[in-house]
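A.B. asks: Here it is, the structure, as C-alpha cells.
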Amino acid sequence: MLINEDVLGRIFSGWTSILRKCVFRVLRVGPIPCHVAIIMDGNRRYAKRKRLEEGTGHDAGAMALLYLLVYCYELGIKYVTAYAFSIDNFKRNPEEVQKIMDLMMESVFLLARLSKVCSLRVHFAGNLQLLSADLRTAAKKLMENTAGNSNLVLTICVSYTCSDEILHAVEESCKEKTETTGRDDESVIKLADIEKHMYMAVAPDPDILIRTGGECRLSNFLLWQSCCCHLSSIFTVWPEFGVLHLVKVVLDFQHKYSYFARKKNAIMELENG
Amino acid sequence: MLSLRFAIPTANTLIPSKNKPKPGLVVQSGWNQTDLLSSLPKRYDYKLQAATADLTDGRASMADKEVELPEGLSRELMPKHVAVIMDGNGRWARQKGLPASAGHEAGVKSLREMVELCGHWGIQVLTVFAFSTENWIRPKVEVDFLLSLFERALKSEMESFQKSGIRISVIGDSSKLPTSLLGLINEVEETTKNNTRLQLIVAVSYSGKYDVVQACRSIAERAKDGQIQLEDINESLIEQELETNCTEYPYPDLLIRTSGELRVSNFLLWQLAYTELFFAQELWPDFGKEEFVEALSSYQQRQRRYGGRHS
C-alpha cells in the first residue's frame with residue numbers, strides 16, 4: 001500500500017515545492033484552464049515495467065492523482081475530473097476489480113483529510129448503485145461533508161460511462177416531461193433539460209482532456225462534455241505523470257486559448273439563441 | 001514535483017510522427033481479434049455478426065472490384081466505419097492566397113478521392129462532417145456558397161454514385177436548409193438507397209448534442225403516447241433514435257481530423273465512445289491516399305480493449 005498520510009506533508013514542503021510555486025507563478029501570467037479531465041491509463045503497464053506486484057500500479061496511480069490535485073490547487077485550476085473506473089472495467093478479473101474498490105475506499109478517507117487542508121469538494125459521478133453498499137455510503141458521506149467547499153472540485157468518475165450518464169439524463173428528462181401538464185413548449189425536451197440531469201452537472205465542461213498511456217480514444221469518458229475541449233494524449237503512463245507534464249499541457253492550452261474562447265462563446269450563443 | 005523521471009518525452013502523441021509505416025508491424029503477436037469481439041460492449045454485437053456474415057452476404061461479391069491494398073495494410077483489420085472531420089479548407093486557401101471558396105472546392109476533390117479509396121478498400125461506411133451547427137455563424141456569403149457547393153456536388157455526382165454502388169445519407173438538422181437542397185437530398189437518398197458498396201453519410205447542420213436531444217424528444221413522445229414505458233428506455237433505444245440509425249454500422253471505428261486541431265467539435269458524441277482517434281497535421285485539401293494509409297496503418301496497430309484486458 002503506497003498511499004499514506006505522510007505524503008501530504010511531503011508534497012507541501014521542501015525546495016521542490018518552492019520551485020514548483022515559482023513555475024506556477026510564471027504560468028499564471030497567461031490563462032489557466034478552469035477544468036482539467038484525465039483518463040488515468042497505464043497503471044498496469046507501470047507495475048509490469050517496475051516489476052511490482054500486480055495491483056500496486058493502481059496504488060501508484062492513486063498517489064499520482066493526489067499529487068495532481070495539489071498541483072492544480074496551487075495553479076488555480078478549479079475543477080479536476082478523473083476517470084477512475086468505467087462500467088466496462090467490471091468485466092476485468094474479479095481480483096483486480098476488488099483491489100481497485102479497496103483502493104477507492106482508502107482514497108475516500110485520504111481525500112477527507114485533504115479536503116480540510118485545501119477546501120476540496122469531492123463528487124462521485126457514475127452509477128453508484130453498481131458499487132458495494134459500504135463504498136457507496138462512504139462516498140455519499142464524503143460528498144455531503146465536502147459540499148460546502150469551493151477551492152477545488154474533484155469529480156471521481158467511478159462506475160461511469162458517458163452513455164450510461166446520458167441514458168440516466170434522458171430517463172430523468174422523460175420522467176419530468178411526461179409529468180408536465182403545462183404549455184406545449186414546456187413539455188418539449190431541451191438541451192438544458194438533459195444537461196441538468198447529468199452526473200457531471202456540478203462542473204462546467206472541461207477545457208482540457210488528458211489521456212495518459214499513449215492511446216488515442218475517449219473510452220466512453222465525458223463524450224458529451226468534451227465536445228469542444230482540447231484533447232491531449234500523452235505517451236507517459238499515469239503513475240509517472242508529474243508537474244512538467246501538467247506544465248506542458250497548460251502551455252498547449254494557453255497557445256490555443258484565444259481560439260477556444262471564441263468557440264465557447266459561439267456555442268453558448270447558439271445554445272441560448 | 002520535479003525529478004529525473006521527466007526524461008520521458010512529454011510530446012502530445014495525438015500528432016503522428018512523419019515516419020512511414022513499416023510493413024509487417026501491423027498485428028501484435030498473441031492478439032486475437034475473435035477473443036476481443038467476445039468481450040465487446042453490447043452495442044458492438046453487430047461486429048460478431050458481421051465477422052461471419054461478410055463471408056456469405058452480397059458484399060463479399062464486391063471483392064473482385066476491390067483493388068490491392070497498399071503495403072502494410074491488412075484487409076482483416078480494415079475499419080468498417082471511418083468518420084472524418086474535414087478541417088482546413090479555409091486555411092489552405094489563405095496559404096495559397098485564394099478565396100475561401102477555392103479551399104472548399106479543393107476539399108470536395110479530396111472527398112471524392114477518399115470515397116473512391118474507401119470503396120476499393122472494403123470500408124463499409126464513411127461519415128463526413130461537412131457542416132456543423134456552429135458553422136451557421138460564419139459570414140452569410142461563405143455559408144451560402146457552402147450550401148450551393150453541396151447542392152452542385154450532389155447533382156453532378158448522382159449518376160456516379162449509382163454507377164459505383166454508393167448509398168448517400170444525410171444527417172443533421174434539416175430545418176435551416178434551403179427547400180431546393182432538401183428536395184435534392186431526398187431525391188438522392190431515395191435513388192441510392194439500395195446501393196451496397198459504400199454508404200456515404202454526410203453530416204450537414206449537424207451537432208452531436210442536437211442528435212441526442214432529438215433522440216430524447218422522440219423517446220419522450222413515444223413514452224407520452226404509451227408506446228413505451230419509461231423503464232424500457234435503454235442505450236439500445238437511444239441508439240435507434242439517433243440520426244445514425246440510417247446505417248447498420250453506426251459506431252465509427254476510426255475518426256480522422258485534419259489540420260492538426262485536437263478536438264472533436266461536437267461531432268457524433270454518443271457514437272464516438274470507443275472510436276480510435278487520429279489527428280492529421282495536413283489540411284483537408286492536402287489529405288490524400290498517402291495520409292489515409294498512414295491513418296489506417298495507425299488504426300491497425302492499435303489494441304482495442306473496450307475497458308477490459310486482453311492479455
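A.B. asks: Residues in segment B:151-184, backbone N under 19 Å from the label point at B:I137 (7 Å along the Cα-to-beta-carbon vector): list them, ranges by number please.
C.D. replies: Residues B:173, B:176 qualify, since their backbone N sits under 19 Å from the label point.
A.B. asks: Still on this model: If eta is 1.567 mPa s and T is 4 °C, what Stokes-Einstein diffusion coefficient results for segment A:144-223, Kirkwood Rh from Cα pairs, in µm²/s? Don't skip to the answer; put the middle values down first.
C.D. replies: Details: Rh = 15.1 Å.
Approximately 86 µm²/s, per Stokes-Einstein.
A.B. asks: Here is a follow-up. What's the FRET efficiency of B:K193 with A:N127 using the Cβ-Cβ distance as r and R₀ = 41 Å, to the nearest 0.05? Mind dumping the intermediate values first?
C.D. replies: Working: r = 39 Å, r/R0 = 0.95.
According to the calculation, E is roughly 0.60.
A.B. asks: Quick one: longest stretch of chain A between exposed loop GluC sites (Glu not before Pro), exposed meaning at most 11 other C-beta atoms within 10 Å and loop per DSSP?
C.D. replies: On the way: sites that count: A:E5, A:E53, A:E179.
Answer - A:54-178.
A.B. asks: Shielding by partners for B:202-215, please: the mean number of other protein chain Cβ atoms within 10 Å of each residue's Cβ. Numbers along the way, then the final one.
C.D. replies: Numbers: counts 0, 0, 0, 0, 0, 5, 3, 8, 3, 0, 8, 10, 1, 3.
The per-residue average across the peptide is 3.
A.B. asks: Could you tell me the relative contact order of segment A:104-221? Use alpha-carbon pairs under 8 Å, at least six residues apart, and round to a whole percent. Let's see the in-between values first.
C.D. replies: Values: 118 pairs, mean separation 29.8, N = 118.
Across segment A:104-221, relative contact order equals 25 percent.
A.B. asks: If you wrap a convex hull around the C-alpha atoms of segment A:76-166 and split its volume per residue, what is the figure in Å³?
C.D. replies: Working: hull volume 8.6 nm³, N = 91.
Considering the Cα atoms of segment A:76-166, their hull volume per residue is 95 Å³.
A.B. asks: Another question, then. Most exposed first by the Cβ proxy, i.e. fewest other Cβ within 10 Å, how do A:V80, A:V26 rank? Provide the component values of the computation, followed by the final result.
C.D. replies: Numbers: A:V80 23, A:V26 9.
Result, fewest neighbours first: A:V26, A:V80.
A.B. asks: List, in the order given, every pair from A:K140/B:K224; A:K140/A:K177; A:K99/A:K140; A:K50/B:K209 whose Cα-Cα distance in the structure shown is over 31 Å.
C.D. replies: On the way: A:K140/B:K224 34 Å; A:K140/A:K177 28 Å; A:K99/A:K140 20 Å; A:K50/B:K209 43 Å.
Table pairs above 31 Å Cα-Cα are A:K140/B:K224; A:K50/B:K209.
A.B. asks: Residues of segment A:80-114 with amide nitrogen under 18 Å from the 7 Å Cα-to-Cβ point of A:N145?
C.D. replies: Taking a point 7 Å out along Cα→Cβ of A:N145, the residues of segment A:80-114 whose backbone N falls under 18 Å are A:102-114.
A.B. asks: Assuming a ≥ b ≥ c are the square roots of the Cα gyration tensor eigenvalues, decide whether segment B:131-222 counts as rounded (a/c under 1.5), prolate (otherwise, with a/b larger than b/c) or oblate.
C.D. replies: On the way: a/c = 2.22, a/b = 1.19, b/c = 1.86.
Oblate, because a/c is 1.5 or more while a/b does not exceed b/c.
A.B. asks: To the nearest whole number, what is the average tally of beta carbon atoms from other chains within 10 Å of the beta carbons of peptide A:238-251? Please list the in-between numbers first.
C.D. replies: Working: counts 0, 1, 4, 2, 7, 4, 7, 3, 1, 2, 4, 2, 0, 0.
Other-chain Cβ atoms within 10 Å of each residue's Cβ, averaged: 3.
A.B. asks: What is the distance, in nm, between label points placed 7 Å from the Cα along the Cα-to-Cβ direction at A:E172 and at B:D173?
C.D. replies: Taking the simple label geometry, A:E172 and B:D173 are separated by 2.4 nm.
A.B. asks: Just want the ordering: B:M86, A:M63, A:M105, from fewest to most Cβ atoms lying within 10 Å of their own Cβ.
C.D. replies: Working: B:M86 23, A:M63 18, A:M105 15.
Neighbour counts put them in this order, fewest first: A:M105, A:M63, B:M86.
A.B. asks: How are the alpha carbon pair distances in chain A distributed across 10 Å bins from zero to the largest one, expressed in percent?
C.D. replies: For chain A, the pair-distance distribution reads 6, 27, 36, 21, 7, 2, 0.
A.B. asks: How many nm separate the modelled label positions at A:R136 and B:R112, each set 7 Å beyond the Cα in the direction of the Cβ?
C.D. replies: 6.0 nm
Values in this text are rule-based calculations from the coordinates and carry no lab data. Quick caveat: nothing in here was measured; it's all calculated off a predicted structure. Neighbour counts run over all protein chains shown; Cβ positions are idealised from the backbone, glycine included.
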